[in-house]
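Colleague: This is the structure I have questions about; it appears just below.
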Amino acid sequence: MLIAKNIRQLRLDSGLTQEELAAQLGVTGQAVSKWEREECYPDITLLPGLANCFDITVDELLGMAEIKGKMWGVYAQTNALQVESKYYDAVAVYDEALKIFPGDSGLTVARAQSLAMAGEEIHNAIKLCERRLEDNISDHTRSSVVAVLCILYNSAGMPEKAETLARRRPHARDSREFLLPNFLAPEEREAYLKEHLPGILTAICELIDGANGTDEEKLRQTILGKYSNHISPANAAVKITEFLM
């Protein structure tokens, strides 16, 4: 636990002995020694006082910034594994992370989505995504969960639910890719469009092609924000033109 390391380092930085810190908190020097050796942890009622001893917040005492950093590291690691289709390895990473962040709904849903990309536990992933939408989450997270849920519904043989949910989504013109370029400086705008247009064109071509590809692959692309193979702009232009003729 980070709190043990933090108490020791903060005490040393403050020039306090274990006995001196203990006296400020009304506990024994032996108690402080046990905290620093991770043999036990301070009672929750002592945390505000401990933080005040070092003029920091309780979050800083607990090392919340480092803990949150580790969580983002988990997503980076699992994303890299899923790009390589190593879904069960990603699940193992999520399992380890959930030991540190038990009950975290974001990790729980991400774990279920990794299994769904492997074609397993689709119904469980649906339930977890539905619950996630009930949480107080950002617009970006909500949009991502809804997109995933549409594909999961279809995979589970519930296309009518997928259709209903999809019909409630905003028009494409309300998406980041269509809105943001309008407000960027010319050079940044050009770079942004060159980065995102290939994906947009590929998505349009996949829509034209219809039901090509499995739901698992569509799910993979949606979650990872990547296409297995981008269609070249020239080929995309031909396909779209022929379709509209």
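Colleague: Identify, please: which residue in region 152-166 is under 25 Å from the mean Cα position of the chain (by Cα) and not polar (S, T, N, Q) and is, among those, surrounded by the most Cβ atoms within 10 Å (Cβ to Cβ)?
Modeller: L152
Colleague: Yes or no: region 57-70 includes at least one residue that is open to solvent by 50 Å² or more (accessible area, probe 1.4 Å) and closer than 30 Å to L149 by Cα.
Modeller: Yes: one or more hits.
Colleague: Shifting gears a bit: Could you please find all residues in region 192-221 being at pLDDT 80 or above and open to solvent by 60 Å² or more (accessible area, probe 1.4 Å)?
Modeller: Those that are at pLDDT 80 or above and open to solvent by 60 Å² or more (accessible area, probe 1.4 Å): K194, E195, L197, I204, E206, L207, D209, K218.
Colleague: When region 145-198 is examined, which residues are found to be of a type outside the set (A, V, I, L, M) and touching a residue at least 60 places away in the same chain (Cβ under 8 Å)?
Modeller: N154, S155
Colleague: Please go through region 24-70 and give me each residue that is within 28 Å of L107 (Cα to Cα) and in contact with an Asp or Glu (Cβ under 8 Å, 6 or more places away or on another chain), ordered by number.
Modeller: Passing the criteria: only A65.
Colleague: Conditions: (1) open to solvent by 80 Å² or more (accessible area, probe 1.4 Å); (2) not in a helix (DSSP H, G or I). I137 meets all but one. Number of the miss?
Modeller: All conditions pass for I137, except number (1).
The values are calculated or read from the model by the stated rules, or taken from the named source; none is laboratory data. Fair warning: this is a prediction, and the values are worked out from it, not measured in the lab. In this analysis, Cβ positions are derived from the backbone assuming ideal geometry, glycine residues included, and neighbour counts consider all displayed protein chains. Keep in mind that these areas ignore ligands, DNA and RNA; they rest on the heavy atoms of the full protein, side chains included. Shrake-Rupley method; radii C 1.70, N 1.55, O 1.52, S 1.80 Å.
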